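Q: This is the structure I want to talk about, given as structure tokens.
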Amino acid sequence: RRAVDLPPCEIQRLGEIANLVTSVRRSRVRKEKLAQALKKEGYIPKLLQLFQVCENLKDTKALHLLFDIVRGILYLDEAILFEVMFSDEYVLDVFGCLEYDPCLAQPQKHRELLLKIAKLQEAIPIKDHKLRKKIYQMSRARFIRNIILPNPSDFEEGFLSTLTSFIRCSKEEILNMLQKNKIFLPGIFAKLKDEVTDDQQRCELMIFFKEFCAFSLSLRTKRDKFLDTLAKLEILPTLEILLGMKDLQVRSAATDILSYLLYFRPSMVQDFVMQEALQGYNDTQLLVLIIEQMIYHPDPGLGGDNQYMEILCTLTDPENMLDKFSRLEIFGFLDFFYDCCIDVLTAPLLDHTSGGSYLKGKEKFNFFLSLVLKYFEGTCNDYHTAEILASILELLSFCVEQHKYHMKKYVIKKDLLRSVLILLKSKHKFLALCALRFMRKIIGLKDDLYNNYITLKNLFEPVINALLDNRTRYNMLNSALLELFEFIRVEDIQFLIAHIVENFSGTLDSIKYVQTFQEFKTRYEQEKNQKKEKQIR
């Protein structure tokens, strides 16, 4: 097979070199031949030496061509070239070439960022020179793939597959070396918890540790051993500390790791939470910290609150505990949750609907209080606040279904439904729907105590007012309101039907576009007549 002839590595020949590199993109055979030629002739070091000359001369045209050439060489996706390009000797110049994208008005700052990452990675407690070098090399490869060379839509399937494989193989090699190093994980834990550790270093260390956990847990053969090691090192008390820190990235990474543990070994997290509950810990309670993360998340629209909600639902679902704990222990756990945790969850909701008296006395949450003041000033028409309140209502609706006894006591004691129904007036229909869904969950239980509470407190009034405000608008809120009343009709909940007819019959007469309320009156009269007949007999 004929080898590729490379032009002399000179400034005046850069255009020719760029054309050659880009011309082989569609041919696997030609790409391999070009890669072999570049390796054999030591061509990449020559190009990078030329880059230094061009940058000193500020030769913009040449620098743009070098960008195309180096990017084209990376697009060859050949492993024999990666070892050279990601090596300590040449990596800065590779990134330097990629700063001069001709499509951008100003050069990028890839080298500056690479050096910053390298400096932060010094926080990783690894003394083995070979291992540290491998970590740096893998980090550079990822930087290339994820930031500098995003996958263009017009490339063929499997584009940069060798680079991806190179990163994965590097990860596996790093993991094997780290698992043999008995002081690595204890060193990581010590640095993460040490107050002396710089915030930026802790953040970089946490990101590295999260990726290390994710990759370790993805390997089935080594997963159980790794989880056992984490348990011995007291991973959950460590995550509690990290969840209470100010840095959002640290808290986010800690939450991700907690999600991994809950997915791969839920019993470990449930055991920990149960022990905290039974022993009455509430200063750094894991459940309280997760609730705080959910309700004070800086951007719930990005889905972070959903992650916290999933964690809370998993940890507080009695069905998930039945295999491990007795019913008495589960009942004790729920006692603890409703004594020490749920007030933290409902505080923003109650504060928002009752003049701001429920968030006082929480000075111990200094960091979170600053967020509360920011997020909960004004009215519930603030979009950010509406998103947070919607998340709270979703979790409370879960509690209505899964914690029937405890939640019923809490709702009635706090008159919680009255506060929730105030949110039917929100201009954000998704929040009004969440409020209505909460009431629908309660009515769906067909519980006499709940029904007595609703009628005694006249809690259908705000619901009927919302229905009248919507009139004949065909929207989701109107449909949900009608479905609530239709459920009562279909299930023939006479106690509620009687209350609605006796208190709102005249008001509901104006609603003619559905037959539900007329049917209420008919059922009411029928029930009334049946009672009279029984009395006569």
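Q: Cα to Cα, under 24 Å, and not fewer than 8 places away if on the same chain: which lysines meet these conditions relative to residue 408?
A: In chain and number order, the partners are 441, 446, 457.
Q: Here are several values of volume of the Cα convex hull per residue in Å³: (i) 163; (ii) 234; (iii) 224. Which one was derived from the coordinates shown?
A: (iii)
Q: Rounded to a whole number of µm²/s, how large is the Stokes-Einstein D of the stretch 11-177 at 4 °C and 1.567 mPa s, given Rh as the Kirkwood radius over C-alpha pairs?
A: Taking Rh from Cα pairs, D becomes 78 µm²/s.
Q: Read phi for every residue in the stretch 394-399 and hand back ³J(HN,Hα) as whole Hz from Karplus 6.51 cos²θ - 1.76 cosθ + 1.60, θ = phi - 60°, with x for Gly and Pro.
A: With coefficients 6.51, -1.76 and 1.60, one gets 4, 5, 5, 5, 4, 5 Hz.
Q: Karplus couplings for the stretch 35-49 from phi (6.51 cos²θ - 1.76 cosθ + 1.60, θ = phi - 60°), rounded to Hz, Gly and Pro as x?
A: 4, 5, 5, 4, 5, 4, 8, x, 6, 5, x, 5, 4, 6, 5
Q: Additional query: So, by mean Cβ neighbours within 10 angstrom, what's the order for 58-70, 181-193 with the highest one leading?
A: With the highest mean Cβ count within 10 Å placed first, the list reads 58-70, 181-193.
Q: Now for a different question. Quick one: putting +1 on the C-beta of Lys and Arg, -1 on the C-beta of Asp and Glu, what dipole do you get for the chain around its Cα centre, in Debye to the nearest 20?
A: Dipole size: approximately 860 debye.
Q: As a check on your grasp of the helix formula, calculate [θ] at 222 nm for the chain: sum -39500 (n - 2.57) over DSSP H runs of n ≥ 4, divide by the residue count, round to the nearest 500.
A: Counting only the DSSP helices, I get -22500 deg cm²/dmol.
Q: Relative to the compact globular guide of 2.2 N^0.38 Å, what is the alpha carbon radius of gyration of the stretch 1-42, as a ratio?
A: Ratio of Rg to 2.2 N^0.38 Å for the stretch 1-42: 1.13.
Q: Using the alpha-carbon atoms, what tilt in degrees (0 to 90, nearest 10) does helix 110-121 show relative to the longest principal axis of the chain?
A: Computed tilt is about 70 degrees.
Q: In square nanometres and to one decimal, what's the mean projected area of the convex hull around the Cα atoms of the stretch 182-264?
A: Taking a quarter of the hull surface, the average projection is 5.0 nm².
Q: Using 0.36 nm times the number of residues separating residue 510 and residue 430, minus their current alpha carbon distance, what extension gain do you get?
A: Result: 26.2 nm gained on full extension.
Q: May I ask you to evaluate 6.51 cos²θ - 1.76 cosθ + 1.60, the Karplus curve with θ = phi - 60°, for each residue of the stretch 252-268 and list the ³J(HN,Hα) values in order in whole Hz, giving x for glycine and proline?
A: Rounded to whole hertz, the list is 5, 5, 4, 5, 4, 5, 4, 5, 4, 5, 5, 6, 8, 8, x, 4, 5.
Q: Expressed as a rounded percentage, what relative contact order does the chain have, with Cα pairs under 8 Å and six or more residues apart?
A: Rounded, it is 7 percent for the chain.
Read-outs: derived from the displayed coordinates by stated rules, not from any lab. Small disclaimer: the values here were computed from a predicted structure and weren't measured. FYI the Cβ positions are ideal-geometry reconstructions off the backbone, even for glycines, and counts take in every protein chain you see.
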